[in-house]
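All remarks here apply to the structure that follows.
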Amino acid sequence: MSTSKIFTLKSSDGEIFEVPEAVAVQSQIIYYMVEDGCVGTEISITNVTGVILAKVIEHCKKHVVIPDGDGDSSSSMVEELRNWDAEFMKNMDKPTLFDLINAANYLNIKNLFNLTCQTAADMITGKTVDEIRTFLNIENDFTP
């Protein structure tokens, strides 16, 4: 697979994003579509809005794996990515977080899915059942 190829991703609300192949194929769905030759250069992402797709692309651009021969820089790179991930998720509102979880799941981007789910889990850690119900907007329909 050539990394110089540019793909156009079209969100559900019609926003267009041009991304290098290395960024686009972080989504396993897109990777398999490209691998099987099922797509041209434009790919419709029907279940993801432009605002959320922009965040997904931002995350994928930062997490593009660039092979290098220097093994010593890998631990510092991992730490840099952890810091970037923490900053990326910092102060994210619930609707955006849940939309990112859904987008990462739909596009099958494992590291983004894990990051967003962990962030949601961290937000509810230490809360009471009633606080968690409120946070997740779950109605208490239990009748004894």
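General remarks:
- Residues (under 19 Å from LYS61 (Cα atoms), of a type in the set (Asp, Glu) and at pLDDT below 90) located in segment 14-47: GLU42
- Remark: pairs (first residue in segment 80-94, more than 15 Å from VAL56 (Cα to Cα); second residue open to solvent by 100 Å² or more (accessible area, probe 1.4 Å) and of a type outside the set (Val, Ile, Thr); Cβ separation under 9 Å; 6+ apart in sequence or on different chains) = LYS94/ASN137.
- Out of ILE29, ILE16, ILE45, sole residue that is surrounded by fewer than 17 Cβ atoms within 10 Å (Cβ to Cβ), in contact with a strand residue (DSSP E or B) (Cβ under 7 Å, 6 or more places away or on another chain) and not small (Gly, Ala, Ser): ILE16
- Looking only at segment 66-84, residues that are open to solvent by less than 70 Å² (accessible area, probe 1.4 Å), over 23 Å from GLU21 (Cβ atoms) and modelled with pLDDT of 90 or more come to 0 in all.
- Residue within segment 38-55 that is outside any loop (DSSP other than H, G, I, E, B) and hydroxyl-bearing (Ser, Thr, Tyr) present: yes
- For THR125, the conditions (1) of a type outside the set (Gly, Ala, Ser); (2) at pLDDT 90 or above; (3) loosely packed, with under 10 Cβ neighbours inside 10 Å; (4) within 18 Å of VAL51 (Cα to Cα) all hold with the exception of (4).
- Pair list, Cβ < 7 Å and 6+ apart or interchain, from segment 41-55 residues that are of a type in the set (S, T, N, Q) to residues that are open to solvent by 70 Å² or more (accessible area, probe 1.4 Å): THR41/ILE6; SER44/LYS10; ASN47/TYR106; THR49/ASP13
The values are calculated or read from the model by the stated rules, or taken from the named source; none is laboratory data. Given the structure is predicted, the values throughout are model-derived calculations rather than measurements. Glycine gets a Cβ as well: all are built from the backbone with ideal geometry, and neighbour counts include every protein chain shown. Side chains are part of the model used for accessible areas, which takes the heavy atoms of the whole protein and leaves out ligands, DNA and RNA. Shrake-Rupley method; radii C 1.70, N 1.55, O 1.52, S 1.80 Å.
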